[in-house]
Amino acid sequence: MPDQVQEKKGLIRKFLDMPADSVPKTIFMAVAVCLVASMCVSAAAVALRPVQEVNKLKDKQVNILQVAGMYEPGVDVVEAFQVFEPHVLELSSGTFSDQFDATTFDDRAAASDPELSRALEDDPASIGRQSKFVTVYLLRDDAGEIERVILPLHGYGLWSTLYGFIALEANGNDIFGLQFYEHAETPGLGGEVDNPRWKALWSGKRLKDDDGNLAITVAKTAPDAGPDYHIDALAGATLTTVGIDNLVKFWMGEAGYEPFLQNLEAGVL
Ligand SMILES: Cc1cc2nc3c(=O)[nH]c(=O)nc-3n(C[C@H](O)[C@H](O)[C@H](O)COP(=O)(O)O)c2cc1C
């Protein structure tokens, strides 16, 4: 036993006596630096995760406030957000579900949960699976009547899935606004979805024509229904434009919010 300790000490001594630029010492230092650095990065990632989650939630809340026309720079976001009434909506029936807590329900996690989602055969928005439940937000006026509804939507553009919200007036047909809060389209091309001038094009447009057909179109040219149903394409970004046209039609159609919008129009919510 003492011989083994002596042997170890001898090895350490030998290592320490090596010149600083020897191969074993260089490799040892490189490995040590990598280990320490990766431990620091991992520790920072774990420690900052809760802060990142809070900021992510805040960013989403800012976007909901913005799309609903309720955002003012400098406001306390958490307090301002209290004006909204969140509900978990069952898409197929278009009614609110009390199965989940709307303040904590995770739409994205639900979309990959086999119990809470369905695989899409007809998938124009290229999302693979669709959650059967989504969190929607109601804005009520002073008399308690629904003034606006804010609905999440998402779908694939050219490089990424775009996540956003559409705000509709209480009639469930007139658009108040649309904006995306997460995507990875190219800045200056597909990324122009974030341009305030393009976002402003949505305000006042309509989803369905007088015959009840879904007519909203994002394209270079207006649909037959006319300019009230037309949002101009993004310049130089036809593929992102097509993605947005598809995702809006999908979410506003039968597989998306149609049952809910019918209930809203009928005043049964
Ligand atoms: C580096 C690079 C990034 C691009 N990013 C986008 C994009 O984000 N969205 C998009 O629709 N097209 C993007 N395009 C262009 C498409 O490849 C395609 O040319 C374009 O959608 C055609 O649109 P246009 O008919 O309006 O010119 C990108 C092209 C390049 C070279």
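The values are calculated or read from the model by the stated rules, or taken from the named source; none is laboratory data. Keep in mind it's a predicted model, so treat the numbers as computed, not measured. We place every Cβ from the backbone using ideal geometry, glycine too, and count neighbours over all the protein chains shown.
To keep it simple, each residue is scored yes or no on (1) in the same structural domain as Asp106 (by TED's automatic domain parsing); (2) surrounded by fewer than 10 Cβ atoms within 10 Å (Cβ to Cβ); (3) small (Gly, Ala, Ser).
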residue: Lys14; (1), (2), (3): no, no, no
residue: Ser22; (1), (2), (3): no, no, yes
residue: Thr26; (1), (2), (3): no, no, no
residue: Met39; (1), (2), (3): no, no, no
residue: Ser42; (1), (2), (3): no, no, yes
residue: Asn63; (1), (2), (3): no, no, no
residue: Glu79; (1), (2), (3): yes, yes, no
Looking at the structure I just gave you, is Ala68 among the hydrophobic types (A, V, I, L, M, F, W, C), surrounded by 10 or more Cβ atoms within 10 Å (Cβ to Cβ), assigned by TED's automatic domain parsing to the domain that holds Gly204 and within 30 Å of Ser203 (Cβ to Cβ)?
no
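Look at Gly212 and say whether it is assigned by TED's automatic domain parsing to the domain that holds Leu120, surrounded by fewer than 18 Cβ atoms within 10 Å (Cβ to Cβ), more than 16 Å from the ligand (Cβ to nearest atom) and on the phi > 0 side of the Ramachandran plot. Full working, then the answer.
Numbers: assigned by TED's automatic domain parsing to the domain that holds Leu120: yes; surrounded by fewer than 18 Cβ atoms within 10 Å (Cβ to Cβ): yes; more than 16 Å from the ligand (Cβ to nearest atom): yes; on the phi > 0 side of the Ramachandran plot: yes.
In short, yes.
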Please tell me if Tyr163 is of a type in the set (Ser, Thr, Tyr), in contact (Cβ under 8 Å) with a residue 60 or more places away in the chain and within 20 Å of Lys132 (Cα to Cα).
no
For the range 88-107, name all the residues that are outside any loop (DSSP other than H, G, I, E, B) and in contact (Cβ under 8 Å) with a residue 60 or more places away in the chain.
Leu89, Thr95, Phe96
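Pick from the range 211-220 the residues that are part of a loop (DSSP other than H, G, I, E, B) and within 28 Å of the chain's Cα centre (by Cα): which of them is farthest from Leu201 (Cα to Cα)?
Step one: list which residues in the range 211-220 are part of a loop (DSSP other than H, G, I, E, B), which gives 211-213, 215-216, 220.
Then drop every residue that is not within 28 Å of the chain's Cα centre (by Cα), which leaves 213, 215-216, 220.
On the way: Asn213: 21, Ala215: 16, Ile216: 12, Lys220: 13 Å.
Across the range 211-220, the extreme among qualifying residues is Asn213.
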Go through the range 242-251 and count every residue that is touching a Gly at 6+ places or on another chain (Cβ under 8 Å) and either of a type in the set (Lys, Arg) or within 12 Å of the ligand (Cβ to nearest atom) (or both).
2
All positions within the range 111-146 that are under 15 Å from the mean Cα position of the chain (by Cα) and either outside the structural domain of Val248 (by TED's automatic domain parsing) or among the polar types (S, T, N, Q) (or both)
Ser112, Ser126, Gln130, Ser131, Thr135
Taking Ala225, is it within 16 Å of the ligand (Cβ to nearest atom), of a type in the set (Gly, Ala, Ser), out of contact with any Gly (no Cβ under 6 Å at 6 or more places or on another chain) and part of a loop (DSSP other than H, G, I, E, B)?
no
Within the range 228-251, take every residue that is of a type outside the set (S, T, N, Q), part of a helix (DSSP H, G or I) and touching a residue at least 60 places away in the same chain (Cβ under 8 Å) and give me the one that is farthest from Tyr137 (Cα to Cα).
Leu239
Got a number for residues in the range 184-200 being under 21 Å from Trp251 (Cα atoms) and either of a type in the set (Asp, Glu) or more than 16 Å from the ligand (Cβ to nearest atom) (or both)?
4
